[in-house]
Structure formats: C-alpha cells, structure tokens
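The values are calculated or read from the model by the stated rules, or taken from the named source; none is laboratory data. Everything numeric in this text was worked out from a predicted model, so none of it was measured. Cβ sites come from the backbone with ideal geometry, for glycine too, and all protein chains shown count toward neighbours.
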Amino acid sequence: MMKKISLLIVVCFFMGFNSYSQRWKLKRYEAIVGIGTLNLFTDLGVSNAESLLGLRLDFTRPNVYFAARYKFSQDFSGKFGLAYGYGHSQDITNVRIEGTDGFQSNTHLIEPSVTAEYYLKKEQRRYRSAAIYNRRGMLNDYSTWAIYLYGGLGGLYYKAVYDFTPRTTDKTKDSGFTLIIPAGVGFKYVYSDKIVFGYELGPRYVFSDYLDGYKPSSSKNNDVYWLTTITLAFKIKTSRRNLPLFLDRGWRRARR
C-alpha cells in the first residue's frame with residue numbers, strides 16, 4: 001500500500017512539474033518600451049586616440065524604442081521593433097578628413113526592424129527541491145535573469161542637417177531610406193510573471209555612407225551606429241488559438 005501511495009505521489013509530482021514548466025506558453029507575447037543612447041560612426045568623427053573606440057559622451061544622443069516580441073520556444077523568440085534616434089557627428093580636430101575642421105551634422109533616424117533572438121540562458125522557472133508548493137499552490141519561482149543574442153534585418157529612414165560646405169570632389173545627400181543589419185546581445189531581469197526589465201546593445205551595419213549627409217571622395221566604408229537601450233516588457237496572456245488574449249476575445253465577440 002505504501003509503495004502505491006509513493007508511486008502516486010511521484011507521478012503527480014512530475015505531471016505537475018511538466019505542466020508548470022510549460023506555462024511559458026500562456027504568455028508568449030510581450031509589449032516593450034525602452035529608452036537609451038545612440039552613437040554614430042560616420043566620416044565626420046573622431047579618432048580612437050581622442051575617444052574610447054570612437055565613443056565620446058559629448059557625441060552620444062538619445063533613442064526611444066517600441067517593440068513586440070513573440071516567443072516560439074524557450075530558446076527562440078522573434079521581435080518587431082521601431083526605434084527613433086537623434087545622432088551627432090563632428091570632425092572636431094581635422095583628424096578624419098583634411099579640410100573639414102569643425103564640420104558637424106545632426107541626423108534623425110527612424111529604424112523598423114525584425115530580429116530573431118537565441119537564448120544562451122533561458123528565461124524559465126527553476127525549482128527548489130524543498131519549496132515547490134506553498135499554501136496557494138505551486139510557486140512562481142522564476143529564473144532571475146536571461147541572456148540572448150539577436151540579429152536580423154531592418155530599414156532606416158535618415159535625415160541629416162549639416163553645417164558645412166562640402167568640397168567639390170565630395171558628395172552629399174541629406175535624406176534617404178536604406179537597409180540595415182542589426183545585431184547584438186540582450187539581458188533580461190524577470191521581475192514577475194507580468195513584468196520584465198531588459199538591456200540591449202549592439203551595432204547596426206548600414207548600407208549607406210550618408211548618415212551624416214556627407215560622403216568624401218576618399219571614403220571606402222559605409223556608416224555604422226550603435227544603440228543601447230533599457231527596456232520594460234509587459235507579458236500578454238495567450239489564448240488557446242495562440243493569439244493575444246484581448247485580440248482573441250474581440251475576434252470572438254465580432255463573430256457573434
């Protein structure tokens with residue numbers, strides 16, 4: 001009799017464990033907002049000797065970020081993001097381009113992108129052998145943090161306002177649309193089953209050399225910019241039809 005009871009307890013435990021470990025599927029969607037910084041690396045810039053790998057605080061400008069994430073599995077997620085940033089470029093000491101001393105440019109950037117995320121450390125619940133249940137049932141014992149790599153494809157609309165007179169051998173273009181390749185690393189701190197804090201950083205390779213509005217005849221490389229963003233994500237309940245719950249309810253009401 002005791003063996004049967006013990007076996008029943010073990011079976012129930014593992015059934016509950018497996019069911020609980022799959023509860024991430026109930027909140028596959030996340031709505032994300034964020035703020036951060038933007039650094040441009042263009043033909044109007046500074047040398048590494050005057051900065052930390054080209055980064056200078058007085059050249060750093062803000063960005064704001066909005067996104068929606070969908071979790072395909074515990075290892076992979078997909079995300080659509082929209083960022084706005086304001087960048088600054090300036091050749092302050094005539095080190096990059098001869099004859100451009102003091103030239104500067106300010107650029108507005110709008111970036112829609114689609115990226116895939118691969119989790120090196122999963123965002124999942126972990127279990128303590130002595131504390132799986134409390135008085136109200138199973139505990140919400142989340143992993144406190146996660147780390148992932150991301151990469152994808154995006155577009156970029158840019159508009160540059162520059163304060164210089166280019167040389168006749170150089171080219172200018174103050175606005176346009178181009179493709180970008182975003183990549184980088186992200187970190188997540190799981191505050192609760194509804195709220196997640198995050199941090200992302202990474203470069204954007206740009207298929208254009210006109211983010212500062214200026215392309216000297218000697219230029220051989222396209223522009224690059226970096227985004228660093230602190231994010232706040234809100235988890236959204238998912239219906240049995242794999243839709244956000246609020247959309248699924250609206251769809252069902254519309255069919256009545």
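Going through (1) modelled with pLDDT of 90 or more; (2) surrounded by 13 or more Cβ atoms within 10 Å (Cβ to Cβ); (3) hydroxyl-bearing (Ser, Thr, Tyr) one by one, Ser51 falls short only on (1).
Just give me the residues in the range 170-218 being within 19 Å of Glu117 (Cα to Cα) and not hydrophobic (A, V, I, L, M, F, W, C), in sequence order. Hits for the range 170-218 are Pro182, Gly184, Gly186, Lys188, Tyr189, Gly198, Tyr199, Glu200, Gly202, Pro203, Arg204, Tyr205.
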